[in-house]
Amino acid sequence: MKKFLGMLLSIIILFFTLSGPVTAKTTSLSDANALKIADNASKHFWNALYGYKTRSCSQKTFNYKGTEYSYLCQEFNTKDKLTAYLAETFTNNAVEKGLTKYNYITHKGKLARPVGDGFSMLEWKKAKIKLVYQKQNVRSYNLTVPTVDGESVKRTVTFYKSGSTWKVNQFDAVQ
């Protein structure tokens, strides 16, 4: 009976392992999966700049060293919270450099960023992709990404494999 239960459990585990969706946690990085990761990273990038992911809030503004800043919403109001969110799709190096480049600061215990406006005009799901560099744990792609107004832009996105997860290695490569 124990052998039967063990075999049944193994079959169930194997079934769920083989039938799961393709994610960034794969041993090889296909073009289609690279596009999905880039699209998801773009969403993470813009959510970080907006200051929220799921629910907008009243973002109080203040002036610091001659620059107007606004606090991020509750879900991103500390560096640890925002870093954990961004680390879902970006390498740790990309997150650190991105937060520095975009002048995120902690002010009165809360995370803030310079006030700005903008939104993503890129349609990552419709991008044309071409692998231009490949090593075991690194892939670089040239992408031609259409914009909502019918134009297109060119981007180079490099992915690094950390464990079994592929992540984007530059914060604003997917802006």
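The values are calculated or read from the model by the stated rules, or taken from the named source; none is laboratory data. If you're wondering where the values come from, they're calculated on a predicted model, not measured in any experiment. Virtual Cβ from ideal backbone geometry, glycine too; neighbours counted across all protein chains shown. Surface areas here come from the heavy atoms of the whole protein model, side chains and all, with no ligands, DNA or RNA. Shrake-Rupley method; radii C 1.70, N 1.55, O 1.52, S 1.80 Å.
Starting from residues that are β-branched (Val, Ile, Thr) and touching a residue at least 24 places away in the same chain (Cβ under 8 Å), keep the ones in the stretch 54-93 and report whichever is farthest from residue 170 (Cα to Cα).
61
For the stretch 100-118, state whether one or more residues are touching a residue at least 12 places away in the same chain (Cβ under 8 Å), acidic (Asp, Glu) and open to solvent by 30 Å² or more (accessible area, probe 1.4 Å).
The answer is no, given that none of the residues of the stretch 100-118 is touching a residue at least 12 places away in the same chain (Cβ under 8 Å), acidic (Asp, Glu) and open to solvent by 30 Å² or more (accessible area, probe 1.4 Å).
Got at least one residue in the stretch 161-169 being farther than 23 Å from residue 75 by Cβ, of a type outside the set (D, E, K, R) and at pLDDT 95 or above?
Yes, that holds for at least one residue.
If you go through the stretch 99-141, how many residues are in a strand (DSSP E or B) and either among the aliphatic types (A, V, I, L, M) or closer than 17 Å to residue 52 by Cα (or both)?
Qualifying residue count, the stretch 99-141: 12.
Here are some residues: 88, 68, 96. Which one is charged (D, E, K, R) and assigned to a loop (DSSP other than H, G, I, E, B)?
88
Table: residues versus (1) closer than 30 Å to residue 164 by Cα; (2) touching a helix residue (DSSP H, G or I) at 6+ places or on another chain (Cβ under 9 Å); (3) not small (Gly, Ala, Ser).
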residue: 61; (1), (2), (3): no, no, yes
residue: 72; (1), (2), (3): no, yes, yes
residue: 86; (1), (2), (3): yes, yes, yes
residue: 91; (1), (2), (3): yes, no, yes
residue: 104; (1), (2), (3): yes, yes, yes
residue: 113; (1), (2), (3): no, yes, yes
residue: 122; (1), (2), (3): yes, yes, yes
residue: 128; (1), (2), (3): yes, no, yes
residue: 134; (1), (2), (3): yes, no, yes
